[in-house]
Amino acid sequence: MNKAVFLDRDGTIARDVRYCRRPEDFEIFPTVPEAIKLLNDNGFMVVVITNQSGIARGYFDEETLARIHQKMKDELAKYGAWVDAIYYCPHHPDDACQCRKPKTALFHKAAKELNIDFKLSYVVGDLQMDIDAGRALGCKTALVTTGPQSPVSSPQSPVSSPQSPISSLQSPLPDYIAENLLEAARWIVGQQHITTSIIVPAYNEEGGLPIVMEKVFKVINGSYEVIVVDDGSDDRTSEVASQFPCHVIRHEVNRGKGEALKTGFRSARGENIISMDADDTYPAELIPLMSHALHFYDVVIGSRVCGRNNIPRFNRIGNFIIRTLIRGIYGFKPFDPLTGLWGVKKCYVEKISPTVRYAPDAEMWIKATRLKLQMLDIPITYRPRIGQTKLHSLKGGWEHLKLIISLLFWKPK
């Protein structure tokens, strides 16, 4: 499938002339041809999606709009740039059509006709409606400040924290804020070099998740992507996650942590994967260190060496038994095979991918041990959990015991 950048027209590609009625009034921003050429050269389809209610209002007709768009194509062609398609909504806002942004019918039409994968694509515009449409589609989004009604009045740096000074923006936030389309295009091209994907499986974690996300976004940069997999929560987990510049995937029903991890694996673009639970028990500040370590090791384990008193006593006893069995039977070298903070090179994910619902971490590290992957053990301090645990200690212990037995005769494919 193709990757695309969906561009707004007025305020993004060209100066926003109110109900632009004549080709001579249409003026492309100076850096736009270079921006679109950059996207062309890096394998993106460039698709313009624009609201043009001036047609319904009687200010101009579709023939005039076609001439305006031909002028745009001709201007771009002078620089060797092009747009692959243009889709427009001619309706009045009161018509309640499905094609006027932030509705997404035109995007879906383009995806069907041009074989576009939204997960690989971006939406760029100067208004909140562009960001809303992009996030609804599962695309990454960039806001440019070149429009007269842009939600931000001056250029800002990339959204790296919910504390960024962009109070005039609404939810959901864009993934990036750029001074113009060229800056946005450079960011998009740079995003193709994601080195680490952070997967946060979450089930009813509306309390801990915002704290975890704040900490994560304080320590990462543009070489990371964050994927939150909401495993069928019946609270506000997905809504909370959508406040942050991350990719949110929701299961309609609870499938277990193993399935949540596999969903995250399928969407991950990074060469390395780090997973962390959403209850604020693990130190997010270690993510850069773990990412760096994965250049030299196949697996990095964040072992709960300190702070084990924050684990309920009965669970601690169960963890000790399971940990001793896994280390003794399988020769697992790091201290903690049950930790919720770990990293692995993506090239090994398919071989060690979990098959169980409740004990996926232990399964992965037993398989990784059998594969003789190189592992680094990083001692961590386990913190008190935010919210109630979802794991039943007896049921969890039984699932781990069954797993240990079932993998006795497992052989890597």
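List of remarks:
- Residues in the range 191-204 that are of a type outside the set (A, V, I, L, M, F, W, C) and under 15 Å from the mean Cα position of the chain (by Cα): GLN191, GLN192, HIS193, THR195, THR196, SER197, PRO201.
For every residue, the table says whether it meets (1) out of contact with any Gly (no Cβ under 6 Å at 6 or more places or on another chain); (2) surrounded by fewer than 17 Cβ atoms within 10 Å (Cβ to Cβ); (3) closer than 21 Å to ASP279 by Cα.
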| site | (1), (2), (3) |
| --- | --- |
| ILE366 | yes, no, no |
| LEU371 | yes, yes, no |
| MET375 | yes, no, no |
| ILE378 | no, no, yes |
| GLY387 | no, yes, yes |
| GLY397 | no, no, yes |
| LEU401 | yes, yes, no |
| ILE404 | yes, no, no |
| LEU407 | yes, no, no |
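- Set SER291, SER238: member being within 26 Å of PHE118 (Cβ to Cβ) and touching a strand residue (DSSP E or B) at 6+ places or on another chain (Cβ under 8 Å): SER238
- Helices (runs of 4 or more DSSP H) wholly inside the range 194-291 that include at least 1 residues being among the aromatic types (Phe, Trp, Tyr): 209-219, 257-267
- Residue within the range 114-128 that is out of contact with any Cys (no Cβ under 8 Å at 6 or more places or on another chain), surrounded by fewer than 17 Cβ atoms within 10 Å (Cβ to Cβ), assigned by TED's automatic domain parsing to the domain that holds THR145 and over 20 Å from ALA184 (Cα atoms) present: yes
- Listed by first and then second residue, the pairs linking a residue in the range 73-91 that is within 14 Å of ASN42 (Cα to Cα) and in contact (Cβ under 8 Å) with a residue 40 or more places away in the chain to a residue that is part of a helix (DSSP H, G or I) and of a type in the set (Lys, Arg), with Cβ atoms under 8 Å apart and 6 or more places separating them unless they lie on different chains, are GLY80/LYS37; ALA81/LYS37; TRP82/LYS73; VAL83/LYS73.
- Residue match in the range 78-90 (condition: of a type in the set (D, E, K, R), closer than 26 Å to GLU179 by Cα and in a loop (DSSP other than H, G, I, E, B)): yes
A quick yes/no check of all residues on (1) under 19 Å from the mean Cα position of the chain (by Cα); (2) over 28 Å from LYS372 (Cα atoms); (3) modelled with pLDDT of 95 or more:
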position: SER267; (1), (2), (3): yes, no, no
position: MET290; (1), (2), (3): no, no, yes
position: ALA293; (1), (2), (3): no, no, yes
position: VAL300; (1), (2), (3): no, no, yes
position: SER303; (1), (2), (3): no, no, yes
position: ASN309; (1), (2), (3): no, yes, no
position: ARG313; (1), (2), (3): no, yes, no
position: ASN319; (1), (2), (3): no, no, no
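- Taking the criterion of being among the charged types (D, E, K, R) and part of a helix (DSSP H, G or I), the residues of the range 15-49 that qualify are GLU24, ASP25, GLU34, LYS37, ASP41.
- Scope the range 180-203; condition over 22 Å from ASN2 (Cα atoms), touching a Lys or Arg at 6+ places or on another chain (Cβ under 7 Å) and polar (S, T, N, Q); matching residues: none
- When the range 329-345 is limited to residues that are surrounded by fewer than 17 Cβ atoms within 10 Å (Cβ to Cβ) and of a type outside the set (A, V, I, L, M, F, W, C), the one that is nearest to the chain's Cα centre (by Cα) turns out to be LYS333.
- Selection status of PRO210, out of contact with any Leu (no Cβ under 8 Å at 6 or more places or on another chain) and surrounded by 19 or more Cβ atoms within 10 Å (Cβ to Cβ): yes
- Which numbered condition MET364 fails, given (1) closer than 17 Å to THR263 by Cα; (2) modelled with pLDDT under 95; (3) more than 23 Å from the chain's Cα centre (by Cα); (4) not acidic (Asp, Glu): (2)
- The residue of the range 346-357 that is nearest to the chain's Cα centre (by Cα), among those that are under 25 Å from ASN319 (Cβ atoms) and of a type in the set (A, V, I, L, M, F, W, C), is VAL349.
The values are calculated or read from the model by the stated rules, or taken from the named source; none is laboratory data. Note that the coordinates shown come from a computational prediction; the quantities given were computed from them, not determined experimentally. Glycine also receives a Cβ, built like all others from the backbone with ideal geometry; neighbour counts cover every protein chain displayed.
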